[in-house]
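What follows is a single structure, written as structure tokens, with notes after it.
Bear in mind these aren't lab numbers, they're just calculated from the coordinates by the rules spelled out. Computed from a predicted structure; not experimentally measured. Here the Cβ is made from the backbone with ideal geometry for all residues, glycine too, and neighbour counts use every protein chain on show.
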Amino acid sequence: MAVCKGARILHINFAMPSDLDTLNQRFYLSRSVADWYATKAFIFPEEQAFLALHGVEAVDGKNVLDIGIGAGRTTRFLQPRAARYIGVDYSPNMIAAAASHHPEATLHVRDARDLSAYKDGEFDTVMFSFNGIDCLSYEGRLAAMKEIQRVLKPGGWFIFSSHNRDQKTPGPFAVCNLSFSKHPLRMLAHLLRYLKGIVNRWKTKSLAYAGQGHEMRHDSSNIFAAPICYITKAAQRDQLAVLGLEMISIFDRAGKATSVAEFDQTSSWILYVCRKGGVTERA
Ligand SMILES: C[S@@+](CC[C@H](N)C(=O)[O-])C[C@H]1O[C@@H](n2cnc3c(N)ncnc32)[C@H](O)[C@@H]1O
């Protein structure tokens, strides 16, 4: 989600506006986006912080479902520790890219909103990393979370990140969206991408809205192709609670353990660590 902050992909969407879910999915169906993700081998500080605090309990020797794996960035660090690992993504190009790097892994094309291939309580842990869940409409997000709650064992772990509504983000006209190059063709590509962001935002602006504690907001991660979800920590806690998922720990982009009470305008997204039914309340 942010989806891909700083992504330098020339993904041009000439189609007319459609619904938010379709536009976001179309972005990830693209081969060039999958190729961009295939170059990513990092682990975020907040993911490291999660593994340091909860990895032994939540990942080691566990039955793990990894949703929205993209080209398999998280497969690299979860699969070797899990007893059973399944990675899924709704983009066949993403799954193909992940399979080429992890031929030994069990990887499937699946949508988080329909996990009917899995039984109730089948997994100890479900991960949906790098704000993948923010690509869904609000209704889609709730449907995915319901499915995740269903496939988790009682006490099972759900780890995901989501954009921070309290952080301001630049609009499509902001100069920071325009990269510069001395190479004329590269500069032309940067300029086209910048202009595409402006056009995309204009075409899909009716899909953006501000709700209670959350917002569907355009940003540069998908070249303003469709708005994605930004949510406050408090609204996220409440949304999870309704679904029977309790927030256990939360981490900012620096990997610092934080809390719902701590107002944060700097972290672009927050990593949430939750448990089905909950065990202890620290958030
Ligand atoms: C920002 S990318 C992150 C990819 C990967 N997790 C990483 O960290 O590099 C979000 C991923 O979530 C996937 N995704 C988004 N919504 C999904 C859904 N409803 N079901 C399955 N995958 C989804 C996208 O296809 C994309 O690969």
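Using the Cβ atoms and a cut-off under 11 Å, what net charge is assigned to the surroundings of Lys119, where Lys and Arg are +1 and Asp and Glu are -1? Walk me through the numbers on the way to the answer.
Details: positive: Arg150, Lys153; negative: Asp120, Glu122.
Once positives and negatives cancel, what remains is 0.
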Put +1 on the Cβ of each Lys and Arg and -1 on the Cβ of each Asp and Glu in the chain; which of Val273, Ala96, Val199 then has its Cα farthest toward the positive end of the dipole?
Val199
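Per the Kirkwood treatment, what hydrodynamic radius in Å, one decimal, follows for region 49-100 from the mean inverse distance over all distinct Cα pairs?
Working: mean 1/r = 0.0887 Å⁻¹.
When all Cα pairs of region 49-100 are included, the Kirkwood radius is 11.3 Å.
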Most fluctuating of His183, His214, His108 in the GNM of the chain (C-alpha, under 10 Å) is His183
May I ask for log10 I(q)/I(0) of region 219-283 at q = 0.26 Å⁻¹, from a Debye sum over the Cα atoms as equal point scatterers with solvent left out?
-1.12
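Rounded to the nearest 0.05, what FRET efficiency do Asp166 and Asp60 have when you use their Cβ-Cβ distance and R0 = 35 Å? Don't skip to the answer; put the middle values down first.
Details: r = 34 Å, r/R0 = 0.96.
E(calc), rounded to 0.05, equals 0.55.
Please list, by residue number, every one of the trypsin sites (Lys or Arg not before Pro) in region 61-136 that is coil in DSSP and has at most 16 other beta-carbon atoms within 10 Å. Walk me through the numbers on the way to the answer.
Numbers: sites: Lys62, Arg73, Arg76, Arg81, Arg84, Arg110, Arg113, Lys119; in loops: Lys62, Arg81, Arg110, Arg113, Lys119.
Sites meeting the loop and neighbour criteria: Arg81, Lys119.
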In degrees, nearest 10, the alpha-carbon axis of helix 92-101 is tilted away from the dominant principal axis of the alpha carbons of the chain by 70 degrees
Any lysines whose Cα falls less than 30 Å from that of Lys196, other than same-chain ones fewer than 8 residues away, would be Lys5, Lys40, Lys168, Lys182, Lys205
By how many degrees, between 0 and 90 and to the nearest 10, does the Cα long axis of helix 138-151 differ from the longest principal axis of the chain?
30 degrees
Calculate the spin-label point distance for Ser259 paired with Cys176, positioning each point 7 Å from the Cα along the beta-carbon direction, and give it in nanometres.
2.9 nm
Separation of alpha-carbon centers, region 234-254 and region 183-225, rounded to whole Å:
28 Å
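Would you mind ranking Asp66, Asp252 so that the residue whose beta carbon has the fewest other beta carbons within 10 Å leads the list? All intermediate terms of the calculation are to be shown ahead of the outcome.
Values: Asp66 27, Asp252 21.
Ascending number of Cβ neighbours within 10 Å: Asp252, Asp66.
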Could you work out how far apart the two model spin labels at Gln48 and Leu188 are, taking each label as a point 7 Å from the Cα in the direction of the beta carbon, and quote it in nm?
4.2 nm
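Ratio of Rg to Rh for the chain, alpha carbon only, Kirkwood?
On the way: Rg = 18.2 Å, Rh = 19.0 Å.
Using only Cα positions, Rg/Rh for the chain is 0.96.
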Could you calculate the contour length gain from Ser100 to Tyr209, that is, 0.36 nm times the residue separation minus the distance between their Cα atoms, to one decimal place in nm?
35.4 nm
Note to self, the chain gives a 222 nm [θ] from helices alone (DSSP H runs n ≥ 4, -39500 (n - 2.57) apiece, / all residues, nearest 500) of -10000 deg cm²/dmol
Nearest 10 degrees is fine. How inclined is helix 20-29 to the longest principal axis of the chain, computing both from alpha carbons?
90 degrees
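All other residues with a Cβ under 15 Å from the Cβ of Arg84 taken together, and with Lys, Arg as +1 and Asp, Glu as -1, what is their net charge? Intermediate values should be presented prior to the final figure.
Working: positive: Lys62, Arg81, Lys119, Lys153; negative: Asp60, Asp66, Glu104, Glu122, Asp124.
That works out to -1.
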Cα→Cβ-extended label distance, 7 Å offset, between Arg76 and Ala241, nm
3.8 nm
Where chymotrypsin sites (Phe, Trp or Tyr not before Pro) fall in DSSP loop in region 159-219, at most 15 other Cβ within 10 Å
Phe173, Phe180
